[in-house]
Structures are given as C-alpha cells and as structure tokens.
Amino acid sequence: MNGTAVVISGIALVISLCSLYRSVRNDRRDITLRLHESLIDPKLQTGRKVLQEMRDVESLSTTTSDCRQHGPAVARMLAA
C-alpha cells in the first residue's frame, strides 16, 4: 500500500511538471504574439517613421495631428 502511494505521488509530480512546462511555453508564445501585434499596429508604425525622420526634439511640431501620430510611438519608446 505504501509503494502504491509513492507511485501515485510520482505520477502526480510528473503531470504537474508537464503542465507547468506547457503553461510557461504558452505564456511565452502569447507574449511574443502580443509584442508582434503591437509592433505591426499602423498608428505606431506611422509614429515610428515620423520619429525616425525627425532626429532632434526641436524639429517636432506641436500640432494636434502630429501629436496624435507621435504619442503612441513615443510612449512605446519610453516604456522600452
């Protein structure tokens, strides 16, 4: 009876480790997909292109349309 309990505990441990490995792998995949989706967002791409063209801070204009384009890209750059 004692040997059976050890075998069942061992099997439970293996199943737990397998499920942990699988969840970590799925979490990594989800993070990669979320990052990819955020990088291909058209608004962020436009903002990054504009920021690439304007190298220095003084050349950034403060019009409302420009701020809408720059805002998400700048926020992403500051968060990184």
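The values are calculated or read from the model by the stated rules, or taken from the named source; none is laboratory data. Since the structure is predicted, the reported quantities are computational estimates derived from the model, not experimental observations. Ligands, DNA and RNA are stripped out before the accessible areas are found, and what is left, the full protein with its side chains, is counted by its heavy atoms. Shrake-Rupley method; radii C 1.70, N 1.55, O 1.52, S 1.80 Å.
Couple of notes before you dig in:
- Selected residue (criterion: least open to solvent (accessible area, probe 1.4 Å)) from residues of the stretch 27-52 that are within 13 Å of the chain's Cα centre (by Cα) and of a type in the set (S, T, N, Q): Ser38
- The single condition among (1) in a helix (DSSP H, G or I); (2) over 16 Å from the mean Cα position of the chain (by Cα); (3) modelled with pLDDT under 65 that Ala75 does not meet is (2).
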